[in-house]
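Read through the structure below, which is laid out as structure tokens, and then see the notes.
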Amino acid sequence: MREAELLQRVLDMVTRTAGPARTPADAGPDTTLRQGGFWLDSIDLIELAVACEAEFGILFEGETDLTESAFHTSRTLAELIRGKTER
């Protein structure tokens, strides 16, 4: 899968998780997933992680993958997913 396609799919999933009320008008791959961006809370991030696992056929490791830095933006999440799908 091309990097741009993966990034767009992740951004689409983030946008669906946030919903229209929390999706900024200028949302992009570097918009933060939490405060100041999509405003996802911990439950939203869990839902997003589960959706990504199902969508991309991967499994996140709790202590190493489910970090604030990995779930900072759509881009950082896509990078994590890319690393898992290239194994």
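The numbers here are math on the coordinates, done by the rules we state, and not lab data. Quantities reported herein were computed from a predicted structural model and do not represent experimental measurements. Cβ sites come from the backbone with ideal geometry, for glycine too, and all protein chains shown count toward neighbours.
Data overview
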| quantity | calculated |
| --- | --- |
| Within the range 52-63, tally of residues that are surrounded by 14 or more Cβ atoms within 10 Å (Cβ to Cβ) and farther than 13 Å from L6 by Cα | 3 |
| Where E68 falls short, out of the listed (1) within 17 Å of R9 (Cα to Cα); (2) out of contact with any Phe, Trp or Tyr (no Cβ under 8 Å at 6 or more places or on another chain); (3) of a type in the set (D, E) | (1) |
| Test: residue in the range 69-84 that is within 9 Å of the chain's Cα centre (by Cα) and of a type in the set (K, R) | yes |
| Those helices (runs of 4 or more DSSP H) lying entirely in the range 4-87 with at least 1 residues of a type in the set (S, T, Y) and in contact with a Pro (Cβ under 6 Å, 6 or more places away or on another chain) | 74-85 |
| Out of L11, L40, L6, L66, sole residue that is within 9 Å of the chain's Cα centre (by Cα) and surrounded by 13 or more Cβ atoms within 10 Å (Cβ to Cβ) | L11 |
| Residue among A21, A49, A25 that is of a type outside the set (S, T, Y) and buried (at least 16 other Cβ atoms within 10 Å of the Cβ) | A49 |
| Residue list for the range 42-64, restricted to those being under 22 Å from T32 (Cβ atoms) and touching a helix residue (DSSP H, G or I) at 6+ places or on another chain (Cβ under 7 Å) | D44, E47, L48, A51, C52, E55, F56, F60 |
